Amino acid sequence: MVELTASDVLTKEVLDWQGLHLFHFSGSSCSQKLRIYLNLKGIAATLHHINLVKYENETDWYMGINPRGLVPTLVDDGRVIIESNDIIAYLEEKHPNPALIPENRRDEVNALLDFEDHLHMDLRALTMRFFVPSAIVQRSEAQLAHYQAAGSGRVQGAADQHKGDEMAFWRDMKDHKGVPETRTKAAVTAFRAAFDAHEATLADQPYLMGDTLTVLDVAWYVYAKRLTDAGYPLAHLHPRIGEWFGALNQQKTLRREVGVPLSLRLVSAGLRLVHRIKGKNIESYLSRKL
Ligand SMILES: N[C@@H](CCC(=O)N[C@@H](CS)C(=O)NCC(=O)O)C(=O)O
């Protein structure tokens, strides 16, 4: 579990905070997953909105809490925990009922959630390619330099390797003026393979782990929603996943956390139209050779 040590945290005030606090962003997939989890569990937390579009995640104050400048972050009576799946594992331990991670299958769920997390940069790439105009999230050289310097740069008492991955992602975006073609293709291919595997799983069970809803369904519901919004032909390519998604999307507890504001829906539709006209929509990458 990625729990920060006091020396990793530069914004010392949070070490004295009482109660459960969640730093999140409305449109962030990891935050959506966590908010749905809290809803389903009935866990109350004080929510602190960190607007990624305004780069509030890269202020000295927030990077003093999360040295990676990412959401979500949980603060529980002064304990600071980062990484959405670790936060879920921590909360599940503390609030076992209703169980969203089957007690006897924790290792299996952890491995499957690790795989989900491993695809997170791919989701980000497709989000920035097909869902939000990459120009509004680009980092300037000055912003990259500030990001590099901000925060302790340390996680669990040691130099944080992950920060370099974040730097590489944003530098790549900057150098290519958007998400590079090869990254787009690789991400589409990775999601198609993952959904094909889930499609096979759902042949004889209603949920990804069996007969009941688990965190894995929540995690993949969020991914499926974002990719559908980005134009990925989910139901067409994976009909059982399409049905599973449709059923989950009927549930208000889930749906209300993944809503997209009208302004973004319009901008996003315009972006996809331009891609379609250029023959570069998400579907075209399913068959494209690079
Ligand atoms: N593995 C991390 C990923 C966290 C992450 O990348 N969060 C995204 C939002 S979903 C973020 O904060 N991005 C910063 C940005 O876009 O500026 C987790 O699961 O918590």
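For segment 161-187, the tally of residues that are among the polar types (S, T, N, Q) and touching a helix residue (DSSP H, G or I) at 6+ places or on another chain (Cβ under 7 Å) stands at 1. In segment 18-37, the residues that are not assigned by TED's automatic domain parsing to the domain that holds ASN51 and assigned to a loop (DSSP other than H, G, I, E, B) form no Cβ pair under 9 Å with any partner that is within 12 Å of the ligand (Cβ to nearest atom) and not polar (S, T, N, Q), whether six or more places apart or across chains.
Yes/no matrix, rows are residues, columns are (1) surrounded by fewer than 16 Cβ atoms within 10 Å (Cβ to Cβ); (2) modelled with pLDDT of 95 or more; (3) aromatic (Phe, Trp, Tyr):
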site: GLY178; (1), (2), (3): no, no, no
site: ALA193; (1), (2), (3): yes, yes, no
site: LEU202; (1), (2), (3): no, yes, no
site: TYR207; (1), (2), (3): no, yes, yes
site: PRO239; (1), (2), (3): yes, yes, no
site: TRP244; (1), (2), (3): no, yes, yes
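For segment 245-269, filtering for residues that are outside any loop (DSSP other than H, G, I, E, B) and either over 23 Å from SER28 (Cβ atoms) or among the charged types (D, E, K, R) (or both) leaves 5. How do the pairs read when you match residues in segment 204-217 that are of a type in the set (A, V, I, L, M, F, W, C) with residues anywhere that are modelled with pLDDT under 95 and crowded, with 19+ Cβ neighbours inside 10 Å, using Cβ under 6 Å and keeping only pairs 6 or more apart or on different chains? Listed pairs, sorted by first residue: none to list. Taken over segment 120-142, the residue count meeting the criterion of being crowded, with 17+ Cβ neighbours inside 10 Å and in a loop (DSSP other than H, G, I, E, B) is 3. Considering the conditions (1) touching a helix residue (DSSP H, G or I) at 6+ places or on another chain (Cβ under 9 Å); (2) free of Cβ contacts under 8 Å to residues at least 40 places away in the same chain, LYS54 is excluded by exactly one of them, (1).
As a summary of the residue check, ASP8 satisfies the conditions (1) within 13 Å of the ligand (Cβ to nearest atom); (2) of a type in the set (Asp, Glu); (3) in contact (Cβ under 8 Å) with a residue 24 or more places away in the chain except for the one numbered (1). For the subset of segment 65-119 comprising residues that are of a type in the set (D, E, K, R) and within 14 Å of the ligand (Cβ to nearest atom), which member is surrounded by the most Cβ atoms within 10 Å (Cβ to Cβ)? Across segment 65-119, the extreme among qualifying residues is GLU83.
The values are calculated or read from the model by the stated rules, or taken from the named source; none is laboratory data. Since this is a predicted model, take the numbers as computed values, not measurements. Cβ coordinates were reconstructed from backbone atoms using ideal geometry, including for glycine residues, and neighbour counts include every protein chain displayed.
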